[in-house]
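FYI, it's all coordinate maths here, none of it is from the lab. Worth saying up front: this structure is predicted, and the values here are computed from it rather than measured. For neighbour counting, all protein chains shown are included, and Cβ atoms are generated from backbone atoms with ideal geometry for every residue, glycine included.
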Amino acid sequence: MKYIKKDLGSYNLHIIKTDKFKSVTVQVSFRAAIVKEEITMRNVLSDLLLLSCKKYPTKREVALKSQDLYASQVMVEDLRLGNYLNTNFYLNTLNDKYTEEGNLEEGIKFLSELINHPNVENNCFNSEALEIIKRQAQASLERVKEDPANYSLIRLLENMDRNSPLSYRPMGYIEDLEKIDASNLYVYYKNMLKTNMMDIFILGDVDESEAERIIVEAFQSNTYKKIRKPYRLEDKKPHAKPVVIKEMEKHLLQAKMSIGCRAYDLTESERNYALTLYSIILGMGGDSKLFQNIREEYSAAYYINATPNKLDNILIIRAGITKENFKKVVRLVEGELQAMRKGKFTEEDIKKAKELFQTSMEELEEHPSRIINAYYMMEILGADDINTRRKKMNAVTSEEIISVAKKVKIDTIYCLEGE
């Protein structure tokens with residue numbers, strides 16, 4: 001894999017040259033400091049842009065154009081990265097070698113049409129298209145409790161820090177959806193193009209100079225932007241005593257528990273490497289301490305796992321339990337955290353964790369979008385490249401893992417119980 005970064009002034013172009021895939025993947029990323037009241041607006045906008053555009057004004061015409069481009073796929077995702085709201089537009093299309101000359105260029109032009117030339121008249125988005133997206137968004141927002149495990153996580157984060165982006169709901173809010181109209185959404189769209197940081201990635205077996213030419217012609221911008229906030233959330237110590245919240249949901253047979261831990265005062269090396277191994281040993285997979293001891297030995301949970309979020313400086317433990325086992329599970333989880341602080345894990349545990357990480361790196365290299373994400377983290381966070389990550393992870397010691405363990409403490413516990 002060969003990586004080339006080009007500063008094109010108003011945005012950066014990242015070319016990841018590889019002959020591993022028959023397709024070419026393009027990602028156009030916009031990011032800006034997150035504002036709670038704009039999350040719903042952003043979600044609606046990104047979905048609306050892929051529904052239709054000036055050149056292809058109906059959903060059917062967009063679909064037909066995708067088929068003309070050898071069943072190319074266009075997608076979008078909105079997500080929070082620390083203090084930033086991030087929108088990624090994707091194009092996945094077959095390489096010209098397997099189709100015909102010019103297919104990639106046509107695909108990139110198509111993506112540009114959707115992003116840069118929306119279905120707008122008199123400075124307003126098409127009202128019929130907007131209503132379709134708003135109805136879909138409302139239905140999604142009203143179904144939020146239909147996934148109890150995810151709802152439990154949402155409520156945990158809301159209670160960990162109500163004044164932080166940590167608490168913001170990624171799907172948005174119904175009260176903000178009601179305020180969106182064709183006019184103010186277009187104003188927001190124009191502001192996104194003008195103020196958001198922008199990066200474009202192209203991954204595949206492409207000619208570097210030709211790829212640059214196509215991108216430059218398709219995406220023209222003269223606005224220069226600057227980063228105004230750090231990406232990572234503010235480092236905070238946990239509550240002296242964990243905050244416990246319980247809520248009831250009718251017809252829920254299995255209680256959903258979410259435990260939020262603060263990982264504070266970590267060094268960069270601890271955050272990027274030792275925390276990952278700590279999390280694997282503690283709660284990732286069938287060999288983890290939480291799974292083996294709480295689920296298998298004590299049969300106190302239907303499932304249990306732990307996942308770190310490095311941008312938010314937290315670690316989340318999630319479990320499905322019977323509500324009668326709540327205190328028991330909390331006590332057992334605290335016991336496993338304390339055991340990690342005392343170094344009660346073996347060199348074999350570390351070896352297995354490192355092997356699992358290396359396997360995840362191999363799997364990463366099989367997915368174009370995950371490769372792009374790795375390079376995106378290099379761009380915005382200064383993260384190490386994939387090979388460096390492999391080497392540094394293998395060098396992590398038990399002492400470093402224990403150091404991390406001593407900095408991970410329970411902050412908030414949320415349990416969604418059934419009647």
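Between K406 and K237, the simple label model (points 7 Å from Cα in the Cβ direction) yields a spacing of 1.5 nm.
Selection among Q358, I402, I371 by position relative to the dipole of the range 352-419 gives I402 as farthest towards the positive end (Cβ unit charges, Cα centre). Have a look at L111, H14, V24 and report the one farthest towards the positive end of the charge dipole of the chain, computed about the Cα centre with Cβ charges (Lys/Arg +1, Asp/Glu -1). Working it through, the farthest residue towards the positive pole turns out to be H14.
Think of the chain as a dipole: +1 on every Lys or Arg Cβ, -1 on every Asp or Glu Cβ, centred on the Cα centre; then among I245, I321, I214, I245 lies furthest on the positive end. Rounded to the nearest 20 debye, the dipole magnitude of the range 304-419 is 520 debye, with +1 charges on Lys and Arg beta carbons, -1 on Asp and Glu beta carbons, and the Cα centre as origin. A simple charge model with +1 on the Cβ of Lys and Arg, -1 on the Cβ of Asp and Glu and nothing else charged puts the dipole of the chain at about 1520 debye relative to its Cα centre. Only Lys, Arg, Asp and Glu carry charge here, each on its Cβ (+1 for the first two, -1 for the last two); on that basis the range 179-251 has a dipole of about 980 debye about its Cα centre. You can think of it this way: the chain between A71 and R228 has 52.6 nm of extra reach, that is 0.36 nm per residue less the Cα-Cα gap. Summed over qualifying helices (DSSP H, 4 residues or more, each -39500 (n - 2.57)) and divided by its residue number, the chain shows a 222 nm mean residue ellipticity of -12500 deg cm²/dmol.
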